[in-house]
């Protein structure tokens, strides 16, 4: 197939025509880069992912992880690419080269990880989670913790995890029971158990570093009393090598719907009374510190979901161009007419264009949030930097949840394009759908993201952050109108007007005695915000494309730019009217979900 997993032409469009990455090189931090070096790095990530990681996708799923004699064994095919992942310094590409990174902007890292994550998330999770663990140590750890762990985590020599969830403390982290007692040498003894730990144990890296949430004896109840500890699988010798085994062990691995090559472990700490950990940051700062990792992880999950959607779309597109079935509608009554590729059929074309629009919109959305994070880091004006950071914070829960759900929808549509063949293991789309589904659950379920958006993010700075976003989108519709896209601009402006009214009404309801009813509508509200962002990203793309077409783009580029306009037309003309209906439903603030008695659910 011409493109595999991700459309490089579309990536280039976002990087260089929509967001203009070359502007990043004007900052001293990235002055040693230029457009060509950015492109070369992405090209090498693509080559590595397609050549070394992609062959492990189906094989790793079929083999899965094994739990034998207390040890977790990963698929054998993961070993070579994991070693190459370390050698290529792909584990923490945004970090400084002195600590094992490549010093890339977050925006470019997203393009790199679209290939590495999208090729096989189950494989890449072993290395990429190490970045989050290392970042917490870099930001909050003592000099000794940094010397001991940082470079080894960033290079992937040691891997990292995130130990939050317990059987009685999932989303309600404050209910955790894992306990910590301070020792005379300054370390802590931990006891407890955790579940659903991605990469909690495996045999790829020589050590595993666990950031563990626990409560120090005597600490306050709830999230206020949670601290975070660095707990290695193997205690570290004075020379930096792994020493004796720490008292943290895997007690089993989950059998999951997808990502079979990823070890999802149950972990026991201190079953022998000898689990040692070291405090990260200050006591009772655990949640504050963990959110640094969580926010990075949520951006990563948004990327993970849309990367699966991109792969599913391209698989379906290739199949639709090759699979011949049925006659053209114009020749439907002619029994002698030849079969045509199924891409000729209107309903298949509808599915493919819808998939295309979502994938392109989600790509721009994901890259844009990374771009906001870069601007927050690079902008010297403190007020402007805060505005960029606030925008990223507002958009993160939307990105995580919206991409997860629409990405999965694209995967389901890909199966539909394949028909019965898509439901078999003869083609990869059934696995892509299974692997994608976890994204709506990882790092806070959809409901958690929606509550964060409505309960926290919408009210940031008395609503000024949300209003600034609305103004940015309206500025884009004005530019689209100037580019000859007035009809699309008018439709999006109407949706924005309705969205603003709905946000005000729902926000007021959330602060009233009817707050439970308001939060019953929080996820539909997140989805309509996401719909409007998709329309914004697509009309932004179409505006650029229209200008390029007017300037006389070449034949190959003409096809690409026409595709951008058609994606925007399809979404705004066919899908945004559905958003208007969803907005009307939210404004009705129906209370049935809250009012219904438990017994009335039946069963």
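A short reminder: the numbers here are calculations on the coordinates, not readings from a lab. This is a predicted model, so every value here is computed, not measured. Virtual Cβ from ideal backbone geometry, glycine too; neighbours counted across all protein chains shown.
Couple of notes before you dig in:
- For the pair residue 47 and residue 167, the difference between a 0.36 nm per residue extended length and the Cα-Cα distance amounts to 39.1 nm.
- Residue 379/residue 515 FRET efficiency (R0 41 Å; Cβ-Cβ; nearest 0.05): 0.65
- Near-label residues of the stretch 227-258 by backbone N, under 18 Å of a point 7 Å along Cα→Cβ of residue 69: 245, 249-253
- Centroid-to-centroid separation of the stretch 103-171 and the stretch 45-75 [C-alpha atoms, Å]: 19 Å
- Length released on extending from residue 472 to residue 456, taking residue separation times 0.36 nm less the Cα-Cα span: 3.7 nm
- Against the chain, whose longest principal axis comes from its Cα atoms, helix 555-570 is set at around 80 degrees.
- For the stretch 273-289, the residues whose amide N sits under 18 Å from a probe point set 7 Å from the Cα of residue 184 along the beta carbon direction are 274-277.
- Using a Förster distance of 51 Å, the FRET efficiency for residue 29-residue 423 (Cβ separation, nearest 0.05): 0.55
- Each Cα pair under 8 Å and six or more residues apart adds its separation to the average, and for the stretch 17-84 the resulting relative contact order is 18 percent.
- Semi-axis lengths (Å, descending) of the ellipsoid that matches the C-alpha gyration tensor of the stretch 159-284: 22, 20, 11
- Mean sequence separation of contacting Cα pairs (under 8 Å, at least six apart), scaled by the length of the stretch 278-428, corresponds to a relative contact order of 33 percent.
- Two-site label geometry, residue 40 and residue 547: point separation in nm, points 7 Å out along Cα→Cβ: 2.9 nm
- In the chain, the DSSP-assigned H stretches of four residues or longer account for a calculated mean residue ellipticity at 222 nm of -17000 deg cm²/dmol, using -39500 (n - 2.57) per stretch and the full residue count as denominator.
- Given R0 = 45 Å, the distance between the Cβ atoms of residue 598 and residue 17 translates into a calculated FRET efficiency of 0.25.
- Centre-to-centre separation between the Cα atoms of the stretch 376-395 and those of the stretch 443-469: 16 Å.
- Exposure proxy order (Cβ contacts within 10 Å, fewest to most) of 472, 198, 366: 472, 198, 366
- Cα Rg, Dmax, the chain, angstrom units: 24.7, 88
- Extension reserve of the residue 504-residue 562 stretch, reckoned as 0.36 nm per residue once the Cα distance is removed: 17.2 nm
- Hydrodynamic radius by Kirkwood, which averages 1/r over all alpha carbon pairs of the stretch 445-589, in angstrom: 16.1 Å
- Square roots of five times the Cα gyration tensor eigenvalues for the stretch 64-148, Å: 24, 19, 11
- Gyration tensor (alpha-carbon) shape descriptor, the stretch 8-155, a/c threshold 1.5: oblate
- Relative contact order computed over the chain (Cα-Cα under 8 Å; 6+ residues apart), in percent: 12 percent
- The angle separating the long axis of helix 464-482 from the principal Cα axis of greatest extent in the chain is about 30 degrees.
- Spatial separation of Cα centroids for the stretch 180-230 and the stretch 522-539, in angstrom: 38 Å
- Antiparallel %, DSSP beta bridges [both residues in the stretch 159-284], to 5: 85 percent
- Estimated distance in nm for a label pair at residue 238 and residue 224, the labels positioned 7 Å out from Cα along Cα-to-Cβ: 4.4 nm
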